[in-house]
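Working notes for the structure below.
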Amino acid sequence: MAKGIIIVGAGTMGQSIGRLFAQHGWRVQAVDPTEAAREAFLATVPGATAYAALEEAGHADLALECVPEDLALKRRVLAALEGAVPEGAPILSNTSGLRLEEMTADMARPERAVITHFFNPGDVIPAVEVVAAEDAPEGLCAEVMTLLRGLERRPVRLDHALPGFVANRIQHAIMRECLHLVDQGVASPAEIDEIVQWSVGVRMALSGPFRQRDLNGLGTHLSIAEYLYPDLCDRHDPSPSLTALVERGQLGKRSGKGFYDWPEGESSGPTEEALRRVIALARDSAD
């Protein structure tokens, strides 16, 4: 009989992770109090079932929480999941930056919990950041890593977690400089997108930052770093332009306006098929 997973949280990430497990033969159950989220999950995850409460779900071999980044909510969900799967099974969290020790404070056995930070869409983007408790049972993290590789993901275990883990820290560092350039009147958001997409973006899709620096030459990088680092943005509060947009209710595509105008029905960005083609090229480059 196929193995089963319970996913608590049937939103965008829950749906894409559900598709990933379903594509690899798992029985998928979703739990979400919102009817619209349950309906969307069933519409996008073949063969799935969905329930309003955890008590309604059937047996599962694995559990994953994918609820919003609300610490109190994640604490309640992780504690509830302890009784929903076999005692030795890992309980996974898809947090994008919360501390494992804080999220598991209400669990009887917090060492069972493992962060598996998927990236949207979870069934397309290969990387998964993995963080286990310092006192995790021997072999637990290796079991999770093997599970993820079996789903054709590329998991990376972090020796210890910092806020935002790795990817979000890098993404926000890049965005801080981009926003600084806008605030300084150097270039517009659209112009910066053009530069980044067709320079850094193209190269980073085929090699990571350290491999790229090796290819360019570390002496050159050091020479540039010596004069450039002192001029880079190092502010510790959000950009004024970002703050102003949010205060005006310009939240991006969901509100119809952000850095760009988003008429209803306009494409939200690269399609999943385009992402898959880029990933295929990156894999060819790595082989």
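The values are calculated or read from the model by the stated rules, or taken from the named source; none is laboratory data. Note that the structure is a prediction, hence the values are computed from the model and not measured. Backbone-built Cβ (ideal geometry, glycine too); neighbour counts: all protein chains shown. Ligands, DNA and RNA are excluded from the accessible area calculation, which covers all protein heavy atoms including side chains. Shrake-Rupley method; radii C 1.70, N 1.55, O 1.52, S 1.80 Å.
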Requested in this report: Name, by its number, the condition in (1) in contact (Cβ under 8 Å) with a residue 60 or more places away in the chain; (2) under 23 Å from Ala280 (Cβ atoms) that does not hold for Pro189.
Outcome: (2)
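Name the one entry in Ala10, Ala2, Ala89 that is buried (at least 21 other Cβ atoms within 10 Å of the Cβ) and in a loop (DSSP other than H, G, I, E, B). Working first, answer last.
Values: Ala2 fails: buried (at least 21 other Cβ atoms within 10 Å of the Cβ); Ala89 fails: buried (at least 21 other Cβ atoms within 10 Å of the Cβ).
Sole residue among the options that is buried (at least 21 other Cβ atoms within 10 Å of the Cβ) and in a loop (DSSP other than H, G, I, E, B): Ala10.
Let me confirm something: among Glu273, Glu266, Glu247, which residue is open to solvent by 80 Å² or more (accessible area, probe 1.4 Å) and modelled with pLDDT of 90 or more?
Details: Glu273 fails: modelled with pLDDT of 90 or more; Glu266 fails: modelled with pLDDT of 90 or more.
Being open to solvent by 80 Å² or more (accessible area, probe 1.4 Å) and modelled with pLDDT of 90 or more holds for just one of Glu273, Glu266, Glu247, which is Glu247.
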Query raised in the report: Of everything in segment 92-102 that's modelled with pLDDT under 95 and in a loop (DSSP other than H, G, I, E, B), which residue is least open to solvent (accessible area, probe 1.4 Å)?
Result: Thr95
Query raised in the report: Within the bounds of segment 49-57, is there any residue that is in contact with a Gly (Cβ under 8 Å, 6 or more places away or on another chain), open to solvent by less than 50 Å² (accessible area, probe 1.4 Å) and of a type in the set (Gly, Ala, Ser)?
Result: no
**Report entry** Residues of segment 58-84 classified as open to solvent by less than 10 Å² (accessible area, probe 1.4 Å) and either of a type in the set (Phe, Trp, Tyr) or within 20 Å of Thr12 (Cα to Cα) (or both), total
**Finding:** 6
Report task. Answer yes if at least one residue in segment 47-65 is in contact (Cβ under 8 Å) with a residue 24 or more places away in the chain, in contact with an Asp or Glu (Cβ under 9 Å, 6 or more places away or on another chain), of a type in the set (D, E, K, R) and within 17 Å of Leu151 (Cβ to Cβ), and no otherwise. Result -> no
Query raised in the report: Looking at Asp159, is it under 21 Å from the mean Cα position of the chain (by Cα), more than 25 Å from Val278 (Cβ to Cβ), acidic (Asp, Glu) and exposed (fewer than 12 other Cβ atoms within 10 Å of the Cβ)?
Result: yes
Query raised in the report: Would you call Leu147 open to solvent by less than 20 Å² (accessible area, probe 1.4 Å), closer than 16 Å to Phe21 by Cβ and not in a loop (DSSP other than H, G, I, E, B)?
Result: no
Query raised in the report: Which one is least open to solvent (accessible area, probe 1.4 Å), of the residues in segment 103-128 that are over 19 Å from the mean Cα position of the chain (by Cα) and charged (D, E, K, R)?
Result: Arg112
Query raised in the report: If you check Ile115 against the conditions, is it assigned to a loop (DSSP other than H, G, I, E, B) and in contact with a strand residue (DSSP E or B) (Cβ under 9 Å, 6 or more places away or on another chain)?
Result: no
